[in-house]
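The values are calculated or read from the model by the stated rules, or taken from the named source; none is laboratory data. Small disclaimer: the values here were computed from a predicted structure and weren't measured. Ideal geometry is used to build each Cβ from the backbone, glycine not excepted, and the neighbour counts take in all protein chains shown. Side chains included, ligands, DNA and RNA excluded: accessible areas come from the protein's heavy atoms. Shrake-Rupley method; radii C 1.70, N 1.55, O 1.52, S 1.80 Å.
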Amino acid sequence: MSLELAQTALAPPSDRSQALADWLRDYARRRIHSRLIDERRCIPPHVALDFGNRGLLGMQVPAGQGGLLGLDHQEYFWLLRQLGAIDFTLAAFVGLNNCLGVRPILRFGNPAMRERYLPDLARGRILGAFAVTEAGAGSNPAGIAAVAQRQANGFVLSGEKWWSGSAQWAGVINVVARHHDTAGRHCGFVALCVDGDQPGLRQGEEALTLGLRGMVQNQLHFDAAAIGADRVLGSPYAGMSVAADTMGYGRLAIAAVAGGAVWRLLQLMVRYTSRRRVGETLLYGNDHVQAVILEHWRAASALDLLVRRIGIALDGGASLPPEVHAAAKLVATELLWAAADAAMQLLGGRAYCENNPVAQIWRDARITRVFEGPSETIASYLGQQLLREPSALLQHLQTRHAGQAAQLQAIADCCRAQDAEPSARGLVALGEAAAWTVLAAYVEPAPELAGWLGAKRAAAAERLLAPAEAALPDADLLAALIDRQAGLVRQMRAGEQRELDPYLFD
Ligand SMILES: Cc1cc2nc3c(=O)[nH]c(=O)nc-3n(C[C@H](O)[C@H](O)[C@H](O)COP(=O)(O)OP(=O)(O)OC[C@H]3O[C@@H](n4cnc5c(N)ncnc54)[C@H](O)[C@@H]3O)c2cc1C
């Protein structure tokens, strides 16, 4: 068993990427204190500066555009995987700068923008951020209300953004807004590269998040900010394409980070269970414990193969359908969350204590099922895409693994036969089956993972075929019934005075 599993271990994609990974391991031992980062809700300046000096904050920026590394996709994912094993918050911080800060400018920026921002971003002299989400536009970016109103020389940007990672610290922010023409008509979306010192940009409140505490996520307010026409990323009508490309690549980065984090969780699970005796025996000798560890070993191995093979395809110049990026994010974050919760259980009370690292990883990992598209939204999207004729995802899978594609086609046909208009629940289950099939198609041939992967897909297909649940009553009625059970638990006692006295306002 262990020999078979060892075969899935990946070699580094290159000597230089392994040298950087080795540097990160050594640096982490000497200069990183994850719990302090978390408790102080701040990444220390030396970490950002040292990462910047190594080129880690813009790993794919070519030397000709001010980068220090110019890594390919496989190398980039390798380093994110290593960072995911070291510190999830730092991995998110680095991944955000690279994917959401640098990439839109590198791919869609004009020469002046690239010259102005890329060298500083790549070397960590400034940070980048990305702002799509709003109060009414999260899992549904089309609900964006911020408006970029076309003027003779550019745009006037008004509106609010929420939870923009690193925004408070950023020197440049890529913002997506509705594009209104000079007559005020909606004509698509525009992505704008906004300078951190842009007049009319007000940094708003930071969110007190459950995890990823070391980096900021904050609101942004645009008070009729005048943005030049030379600030448009790509076409002024194609803001959603810029956002889709950015978030699609971000989803692959999340999968890479998640893979590294699962290895770290496994390390903690094996360390603990091989040292902790319960009665006469080590926990590690318990076959239930071994089954748990094996489950997550398989997950880590499968994620390694998935991310590597996607990297190989991208480095070979392939253009993968966005469904592959979405599926990778979905399975990776579900597997990460399962591993984090398993570690929380396996390490018992110690895992629940903040002096040990599992608690922090567990809190950090939880957001991955929500940001860059919640799992259900992604699954629903995959389900919809699968039912299209022709389906780009099925066509792609046919080129990768005809057998897997045929099985997924059969599940989609079954869904169609069951329901001409699948329910939201049906789409989610269908999309989950699609995501596990993508994983299987990218991982095979790996005989030691085949049964495990088949079971994941079968579970999703079973949910698809399960009879519909009874509909809930009217929401007000249900809320009243629940209030009766729970009582009205809103606490009204006055808290602490924290606001500045109005007499002392500027
Ligand atoms: C720590 C953190 C960092 C973030 N960083 C950024 C950033 O840098 N830039 C940025 O723009 N945004 C960022 N976000 C925002 C993030 O991407 C959104 O929170 C996310 O897209 C979900 O949107 P929402 O919170 O409005 O959830 P909602 O849209 O309200 O959705 C709530 C839930 O509804 C369910 N749901 C939604 N659609 C469906 C469906 N079709 N079928 C079934 N169930 C469904 C899902 O369970 C979902 O989680 C960040 C958020 C956090 C918390």
Would region 310-373 count as rounded, prolate or oblate if I go by the C-alpha gyration tensor, calling it rounded below 1.5 in a/c and otherwise prolate when a/b exceeds b/c, oblate otherwise? prolate
Whole-Å semi-axes of region 242-465's equivalent ellipsoid, largest first, each the root of 5 times a Cα gyration tensor eigenvalue? 32, 18, 17
Tell me the label-point distance for the pair residue 319, residue 419, using the 7 Å Cα-to-Cβ offset, in nm and rounded to one decimal. 3.4
Ellipsoid semi-axes in whole angstrom, largest first, where each is sqrt(5λ) of the Cα gyration tensor of region 287-400: 32, 16, 13
Which order do 86, 312 take when ranked by solvent-accessible area (1.4 Å probe, heavy atoms of all protein chains), largest first? 312, 86
Under 5 Å between amide H atoms, partner at least 5 residues away or on a different chain: which partners does residue 204 have, H built in plane at 1.01 Å? 219, 220, 221
Per residue and in cubic angstrom, what volume does the convex hull of the Cα atoms of region 434-506 have? 328
Express the carbon and sulfur contribution to the solvent-accessible surface of region 14-127 as a percent, rounded to the nearest whole number, probe 1.4 angstrom. 49
For residue 463, net neighbour charge (Lys/Arg +1, Asp/Glu -1) across residues whose Cβ lies under 10 Å away: -1
If I take the Cα coordinates of region 129-238 and project them onto the principal axes, what are the three extents in Å, biggest first? 43, 28, 23
Ranked order, 456, 161 - accessible area, probe 1.4 Å, largest first: 456, 161
Report the full-extension gain for the segment residue 50 to residue 458: residue separation times 0.36 nm, less the Cα-Cα distance, to one decimal in nm. 142.2 nm
Which stretch or stretches of region 422-455 have amide N atoms under 12 Å from the point lying 7 Å from residue 469's Cα along the Cα→Cβ direction? 425-426
Which percent of Cα pairs goes in each bin when the distances of region 150-302 are cut into 5 angstrom slices starting at zero? 2, 8, 13, 14, 13, 10, 8, 7, 6, 6, 5, 4, 3, 1, 1, 0
Expressed as a whole-number percentage, the relative contact order of the chain with C-alpha contacts under 8 angstrom and at least six residues apart is 13
In Å and from the alpha-carbon atoms only, list the Rg and Dmax of region 14-127. 13.6, 41
Per-residue ellipticity at 222 nm attributable to helices in the chain (runs of n ≥ 4 DSSP H, -39500 (n - 2.57) apiece, nearest 500 deg cm²/dmol) works out to -17500 deg cm²/dmol
What ³J(HN,Hα) values, in whole Hz, does the Karplus curve 6.51 cos²θ - 1.76 cosθ + 1.60 give for region 150-158 when θ = phi - 60°, with x put for Gly and Pro? 5, 10, 4, 10, x, 9, 10, 9, 9
Of 306, 208, which has the most accessible area with a 1.4 Å probe, and how do the rest follow in descending order? 208, 306
Residue 399 versus residue 288: modelled label distance in nm, points set 7 Å from Cα along the beta carbon direction: 4.8
Dividing the alpha-carbon Rg of the chain by 2.2 N^0.38 Å yields what? 1.01
In nm, to one decimal, how far is the residue 15 label point from the residue 205 one, both placed 7 Å along Cα→Cβ? 5.4
In whole Hz, with x marking every Gly and Pro, tabulate ³J(HN,Hα) for region 271-278 from phi via Karplus 6.51 cos²θ - 1.76 cosθ + 1.60, θ = phi - 60°. 4, 5, 5, 7, 10, 8, 9, 10
Quick one: with all protein chains in place, what share of the accessible area of region 129-238 is carbon or sulfur, to the nearest percent (1.4 Å probe)? 51
In whole Hz, the Karplus estimates of ³J(HN,Hα) for region 312-324 (6.51, -1.76, 1.60; θ = phi - 60°; x where Gly or Pro) are 4, 4, 5, 5, x, x, 5, 10, 8, x, x, 4, 5
May I ask you to give the solvent-accessible area per residue for the chain, in square angstrom, as obtained with a 1.4 angstrom probe? 47
5 Å is the cut-off here: which amide hydrogens, built 1.01 Å from N in the peptide plane, fall below it relative to residue 154, excluding neighbours closer than 5 in sequence? 229
